[in-house]
1. Could you tell me what a quarter of the Cα convex hull surface of the stretch 2-67 works out to, in nm² with one decimal place?
2. Treating only the Cβ of Lys, Arg, Asp and Glu as charged (+1, +1, -1, -1), what charge dipole size does the stretch 17-140 show about its Cα centre? Round to the nearest 20 debye.
3. Describe numerically, in nm with one decimal, the distance between label points set 7 Å from Cα along Cα→Cβ at ARG101 and at ASP13.
4. Leaving out ligands, DNA and RNA, what percent of the accessible area of the chain is carbon and sulfur, probe 1.4 Å?
5. So which residue, out of ASP96, ASP34, ASP44, gets the largest mean-square fluctuation from a GNM of the chain using Cα contacts under 10 Å as springs?
6. Leaving out ligands and nucleic acids, note down the accessible area per residue over the chain with a 1.4 angstrom probe, in whole Å².
7. Restrict the search to the stretch 1-54; then list the trypsin sites (Lys or Arg not before Pro) that DSSP places in a loop and that have at most 15 other Cβ atoms within 10 Å of their Cβ.
8. Within the chain, what's the longest stretch lacking GluC sites (Glu not before Pro) that sit in DSSP loops with no more than 12 other Cβ atoms inside 10 Å?
Amino acid sequence: MDQPLQIFLIDDDLDDREIFSWVMKSIHPSSEIDSASDGLEALDKLKDHRYNPHIIFLDLNMPRMHGLDCLRQIRQMERLRYNPVIVYSTSSNPHDISQSRSAGASEYIVKGNEISIIKQELTQVIEKYNPRSSTHEYGK
């Protein structure tokens, strides 16, 4: 039997983490969702070579370490270099979007206020990057 889809959410907002988890479980019930409340906590988890999430979602505006700095460090980790990292932020600023893509973000999602919109956006990402159900090849 295949392993469940491993999803890692890095976000300092507890409400956003709970909404994300609820929506993700409604989309992909067998997914396992782990989280970190900031970039430093996330990097500590990701330094463990046994921890290999399939998809990483990353907020930008967090305490202790900005999401872009975290993204750059994730992209320097050889084993995670090509794993999808989706920036999931309230910012719709074109500069943030551009910087995120330049730093190696696979996608950029602006957090919606409506559950239906959040579900639609997360469904598209899961369909595109789920290594068990898509044709996406990491590293391409």
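The values are calculated or read from the model by the stated rules, or taken from the named source; none is laboratory data. Values in this document were obtained by computation on a predicted structure and should not be read as measured data. Here Cβ is always computed from backbone atoms with ideal geometry, including for glycine, and neighbour counts include all displayed protein chains. Please note that ligands, DNA and RNA were not included when accessible areas were found on the heavy atoms of the full protein model with its side chains. Shrake-Rupley method; radii C 1.70, N 1.55, O 1.52, S 1.80 Å.
1. 4.4
2. Charge dipole of the stretch 17-140: 320 debye, to the nearest 20.
3. 2.3
4. 47
5. ASP44
6. Ligands and nucleic acids excluded, the figure is 54 Å² per residue.
7. Here the trypsin sites (Lys or Arg not before Pro) that fit, given the DSSP loop and packing criteria, are LYS47, ARG50.
8. The segment 1-113 is the longest one with no such site.
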